[in-house]
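What follows is calculated from the coordinates using simple rules that are stated; it is not laboratory data. From a predicted model like this one, the values you see are computed outputs, not experimental measurements. Reconstructed Cβ throughout: ideal geometry from the backbone, glycine too, with neighbour counts over all protein chains shown.
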Amino acid sequence: MKLTPSVVLDAAEYYVDHVDGKHDVDKCKVFRNLQLESDESMVSSLKRLSRPMHIVDFTNNELVCVPDLSGRNDIHTVLLSRNQITVLDGGKLPRKIRNLVVANNNVCSLEQLNGLKNAPGSLETLVLRGNQVCHLQGYREHVIRAVPSLRVLDFERVRQEERIRAGELQDVDIGPEAVATGVRRDKSLEIADLVVSKMSEERKNELKAQLESATSLAEIARIEKLLAGGV
């Protein structure tokens, strides 16, 4: 399905119930579960998004790349879990983005993360859990080096020792051969994968239903963490 101007105009909108002790302050546009595909018309269609808009939710579609929202400075959160995204282009993110969730997509190599170097300096929280790239040795340091402004990566606070190790990484291009298959894996993420694999379909569907009706960033983050194997 294409993201046409009519789809943008007809998509549901709501105000987040509770943020930082305040009510009804963040407006969210919802494009969940529409089987949306990436195409050239998406750029012009997204210009129909009303202003101000603070959160855009593309969860559970067929997108293969990050939608271009680079012309917006009002959007602070973009939700892209359960799509088919392979490469992250930080240059397409909103200019004042703070939170980006790209859990359970198809990012497999460190090279596919290099575009994060173009992300705005406002980006503080990034979720990539559920992508194969998370299993690669040095994954966290690579992301932290690309996005020095990050404070939280995959639901875990960025530690000072990680920043030091990230600063020591050689400034070289990571080739496509650096993929998750056959590379040293992070044991904690192997456990997370095991948790998800043993989760019943009924439980997964129950969590997805809860996600569908979630109306706060905290609730969305909690459910996404469970679906990504966070324990």
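Computed values, structure above
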{"read-out": "Where labels lie 7 Å past Cα in the beta-carbon direction, separation of T86 and E62 in nm", "value": "1.6 nm"}
{"read-out": "Total formal charge among the other residues, if their Cβ is under 11 angstrom from that of L49, Lys/Arg +1 and Asp/Glu -1", "value": "+4"}
{"read-out": "Semi-axis lengths (Å, descending) of the ellipsoid that matches the C-alpha gyration tensor of the stretch 59-158", "value": "18, 16, 12"}
{"read-out": "Summed residue charge, Cβ within 13 Å of S70's Cβ, Lys/Arg positive, Asp/Glu negative", "value": "+2"}
{"read-out": "Summed side-chain charge close to Q84 - residues other than Q84 whose Cβ falls under 10 Å, Lys, Arg +1, Asp, Glu -1", "value": "-1"}
{"read-out": "Computed Kirkwood radius, in angstrom, where 1/r is averaged over Cα pairs of the stretch 8-97", "value": "13.5 Å"}
{"read-out": "Virtual spin-label span in nm between S6 and E206, 7 Å along Cα→Cβ", "value": "4.0 nm"}
{"read-out": "Sites K96 and Q137, calculated FRET efficiency, Cβ-Cβ separation with R0 35 Å, nearest 0.05", "value": "0.60"}
{"read-out": "Calculated SAXS-style log₁₀ I(q)/I(0) at q = 0.14, 0.15, 0.16, 0.24 Å⁻¹ - the stretch 107-168, Debye, Cα scatterers", "value": "-0.33, -0.38, -0.44, -1.06"}
{"read-out": "Extent along principal axes [Cα atoms of the stretch 5-181; Å; largest to smallest]", "value": "47, 37, 24"}
